[in-house]
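Asker: One structure, pasted below without further comment.
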Amino acid sequence: AQSVTQPDIHITVSEGASLELRCNYSYGATPYLFWYVQSPGQGLQLLLKYFSGDTLVQGIKGFEAEFKRSQSSFNLRKPSVHWSDAAEYFCAVGNSGGGADGLTFGKGTHLIIQP
Amino acid sequence: KAGVTQTPRYLIKTRGQQVTLSCSPISGHRSVSWYQQTPGQGLQFLFEYFSETQRNKGNFPGRFSGRQFSNSRSEMNVSTLELGDSALYLCASSLSGLAVTDTQYFGPGTRLTVL
């Protein structure tokens, strides 16, 4: 069965500093990988997704993620965080792009931004 | 274009009751998925509907059911509510749920509290 691990439950970063959120997946075939962000009281917003091709994926809000098959990882990065980036971040894996067979999510990483 | 809407946003029920949650997908989207989000289990896939048919189902008891109407609107029903059903229920829609170009768009969720 597929699974996603986000090792860091909480991460605190100073505003303007760089950010890396870790994600490891377990999946038998070529995975479809996603990063979502959830602000308090809101639904999930897709930041970026990977299907194939270039392993460095650019997303919205200045985020990027790199797919490393050898490490089964799909880490999310941002060069300089803003206070508005404080939120819960979820990594997910699926069988299809639109997630018709359901996405498997990690437990999430809570990002705290220090002024 | 309006986003995914879910009603009601908040709901309080007592054990043993049943509840119906509603989701209106983005116009033109035919795939609707439901997820349960709890602090302990995280985000878990419930089921997915496409063209009024359940196409995939997660690992939840039969008390959880759903349906989709011809206009793609979807409802989910939970019967004989248990305390553990207290959660944020998220609905997501996508065009077909299968294409690699599809993106799942999430609604704000319905917060269900079971007393």
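Asker: Could you list which residues have their amide H under 5 Å from that of A:Glu15, counting only those 5 or more apart in sequence or on another chain, with H placed in the peptide plane?
Answerer: Excluding prolines and chain starts, which carry no amide H, the hits are A:Gln114.
Asker: List for the range A:26-46: residues with 50 Å² or greater reduction in accessible area, all protein chains versus chain alone, probe 1.4 Å?
Answerer: A:Leu44
Asker: A further question follows. Want the number for A:Ser84 to A:Ile11: 0.36 nm per residue separation, take away the alpha-carbon distance, what's left?
Answerer: Full extension from A:Ser84 to A:Ile11 adds 24.8 nm.
Asker: Then there's this: By its C-alpha gyration tensor, with a ≥ b ≥ c as the square roots of the eigenvalues, how is the protein assembly as shown shaped: rounded for a/c under 1.5, else prolate for a/b larger than b/c, else oblate?
Answerer: Prolate shape, in that a/c is at least 1.5 and a/b is the bigger ratio.
Asker: Mind giving me the FRET efficiency for B:Thr14 and A:Ser26? R0 is 35 Å, r the Cβ-Cβ distance, nearest 0.05 is fine.
Answerer: Between B:Thr14 and A:Ser26 the formula returns 0.35.
Asker: Let me ask something additional. Taking every residue in B:34-43, how many Cβ atoms of other protein chains lie within 10 Å of its Cβ, on average?
Answerer: So the per-residue partner count for this stretch is 4.
Asker: May I pose another question? Keeping all protein chains in place, calculate the accessible area per residue for the range B:7-115 (probe 1.4 angstrom), answer in Å².
Answerer: Per-residue accessible area for the range B:7-115 comes out at 46 Å².
Asker: Counting only C-alpha contacts under 8 Å and six or more residues apart, can you give the relative contact order of chain B as a whole percent?
Answerer: Reported relative contact order: 36 percent.
Asker: Just the number, please: carbon plus sulfur as a percent of the accessible area of the range B:1-64, 1.4 Å probe, no ligands or DNA/RNA counted.
Answerer: Percent of accessible area from carbon and sulfur atoms in the range B:1-64: 48.
Asker: Convert 10 °C to kelvin, take the viscosity as 1.306 mPa s, use the Kirkwood radius over C-alpha pairs of chain A as Rh, and evaluate the Stokes-Einstein diffusion coefficient in µm²/s, rounded to a whole number.
Answerer: After rounding, the answer is 112 µm²/s.
Asker: Be a star and scan the range B:93-115 for residues whose amide nitrogen sits under 17 Å from the point 7 Å along the Cα-to-Cβ vector of A:Gln45.
Answerer: B:93, B:103-109
The values are calculated or read from the model by the stated rules, or taken from the named source; none is laboratory data. Model, not experiment: these values are computed from the prediction. Methodologically, a virtual Cβ is constructed for each residue, glycine included, from the backbone with ideal geometry; neighbour enumeration extends over all protein chains shown. Just the protein is used for accessible areas: all its heavy atoms, side chains included, with ligands, DNA and RNA removed. Shrake-Rupley method; radii C 1.70, N 1.55, O 1.52, S 1.80 Å.
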